[in-house]
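Okay, structure first, notes after.
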Amino acid sequence: MTLKLKKAIMHNHKTTLLFSRKVYVLSSLPHKGLKGKFKAIVCTGMLCLTTAWCQDICQISSFDEFPWDRLGDKEADEKKIFMFDIDGTLMRTDIWNTTYTVLTSQPYESLTQIWSLLSGGGKRGVLDLGTRYELSTLIDDRFPAALDALRENGHIVWNYTNVYTGKLYDTTYEAQIAYKLDRLKINRSPILVDHEPQERVELALYGENKPALYKGILFNAKKSKSGVFEQSFLPWLRANESYKEISHIVYTDDIAKNVYEIGDVCERHQVKYTGFICAFP
């Protein structure tokens, strides 16, 4: 797929489907009567049959456009891992309340980090304060119940976030993000290693950074999401007896680039993949 076509899809707010790396904007198909519609359906179906590892990517603009019942069906023959990005996908940062909390909780540190940023010292200090004291709200109040239903139907539900690992002021990045999800009742599946539950799993290094799984959240340690997925997460998953039955990965993110690149990884490793690009208003 060309970069130009990918960019067109990223800015298209209509539902898009990607079949075998070809894109159809179904809501934009010309109305040529029943015959024309039938041809379009047959065409996309035939494209899906051309590869054993069909990659489907859709853009959705609301909670209701996600096919919860179809993909989460417990009677299906395949067991899935549903991975959801956090910010911009499940929740949004409450900027004003977060700023107020940061300034009142850490007034001296806030001024120090703001001065450092303005003096060209980088923005990580300010971002770390935001992460430590962030207050968020759900994009849709139905997310917790929907994710619980997926788990109850036997699927794995985890989150994947673009966040560092390790110490963060008086806590850790991992514990803070887990608290943020728990506060909004976003529950995750446990992490198993050879069928034994684990709170935290260190994954293979990606460069000098240390990605990790913690309480059902995959942390990429601020590196490429697709790179960590391919070089750190997927090898761990495939070597783990607990997940031998996994045959389908469903990934949802508000950043189109992540959805496409993780789809490319799954295609290279012959893993069935469905991706959703969130374009929530």
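Could you check, for the stretch 109-126, whether at least one of its residues is at positive phi, at pLDDT below 85 and not hydrophobic (A, V, I, L, M, F, W, C)? Yes; the residues of the stretch 109-126 include at least one that is at positive phi, at pLDDT below 85 and not hydrophobic (A, V, I, L, M, F, W, C). When Glu199 is tested against (1) at pLDDT 95 or above; (2) farther than 28 Å from Glu65 by Cβ; (3) surrounded by 15 or more Cβ atoms within 10 Å (Cβ to Cβ), just one condition goes unmet, and that condition is (3). The combined condition, being in contact (Cβ under 8 Å) with a residue 40 or more places away in the chain and hydrophobic (A, V, I, L, M, F, W, C), is not fulfilled by Leu117. Here is a check on your reading of the model: is Asp56 over 25 Å from Asn153 (Cβ atoms) and either surrounded by fewer than 16 Cβ atoms within 10 Å (Cβ to Cβ) or modelled with pLDDT of 85 or more (or both)? Considered against the rule, which asks whether it is over 25 Å from Asn153 (Cβ atoms) and either surrounded by fewer than 16 Cβ atoms within 10 Å (Cβ to Cβ) or modelled with pLDDT of 85 or more (or both), Asp56 comes out as no. Against the test of being crowded, with 19+ Cβ neighbours inside 10 Å and farther than 23 Å from His248 by Cβ, the options Leu103, Leu181 yield a single qualifying residue, Leu181. Any residue that is crowded, with 18+ Cβ neighbours inside 10 Å, at pLDDT below 95, closer than 19 Å to Ala221 by Cα and not basic (Lys, Arg) - is there at least one of those in the stretch 141-161? Within the stretch 141-161 (the criterion being crowded, with 18+ Cβ neighbours inside 10 Å, at pLDDT below 95, closer than 19 Å to Ala221 by Cα and not basic (Lys, Arg)), the answer is no, since none of the residues qualifies.
Report yes if Leu181 is farther than 20 Å from Phe63 by Cβ and either in a helix (DSSP H, G or I) or modelled with pLDDT under 95 (or both), otherwise no. For Leu181, the condition - farther than 20 Å from Phe63 by Cβ and either in a helix (DSSP H, G or I) or modelled with pLDDT under 95 (or both) - is not met.
Screening Gly125 with (1) closer than 19 Å to Tyr164 by Cα; (2) surrounded by fewer than 16 Cβ atoms within 10 Å (Cβ to Cβ) gives one miss only, at (2).
Inside the stretch 63-122, can you point out the residues that are of a type in the set (Asp, Glu), in a loop (DSSP other than H, G, I, E, B) and more than 22 Å from the chain's Cα centre (by Cα)? Walk me through it before giving the result.
Within the stretch 63-122, the subset of a type in the set (Asp, Glu) is 64-65, 69, 73, 75, 77-78, 85, 87, 94, 109.
Then drop every residue that is not in a loop (DSSP other than H, G, I, E, B), which leaves 73, 75, 77-78, 85, 94.
The answer is Glu75, Asp77.
Which ranges mark the helices (runs of 4 or more DSSP H) fully within the stretch 184-278 that have 2 or more residues being under 25 Å from Cys58 (Cα atoms), in contact (Cβ under 8 Å) with a residue 40 or more places away in the chain and in contact with a strand residue (DSSP E or B) (Cβ under 8 Å, 6 or more places away or on another chain)? In the stretch 184-278, 256-268 are the helices (runs of 4 or more DSSP H) which contain 2 or more residues that are under 25 Å from Cys58 (Cα atoms), in contact (Cβ under 8 Å) with a residue 40 or more places away in the chain and in contact with a strand residue (DSSP E or B) (Cβ under 8 Å, 6 or more places away or on another chain).
The residue list Leu129, Leu150 contains one member that is under 27 Å from the mean Cα position of the chain (by Cα), in a helix (DSSP H, G or I), of a type in the set (A, V, I, L, M, F, W, C) and more than 28 Å from Glu208 (Cα to Cα), which is Leu150. In summary, Asp254 fulfils each of the numbered conditions (1) out of contact with any helix residue (DSSP H, G or I) (no Cβ under 9 Å at 6 or more places or on another chain); (2) farther than 24 Å from Glu65 by Cβ with the single exception of condition (2).
The values are calculated or read from the model by the stated rules, or taken from the named source; none is laboratory data. What you see is a predicted model, and the numbers here were worked out from it, not measured in a lab. Cβ: placed from backbone, ideal geometry, glycine included. Neighbour counts: every protein chain shown.
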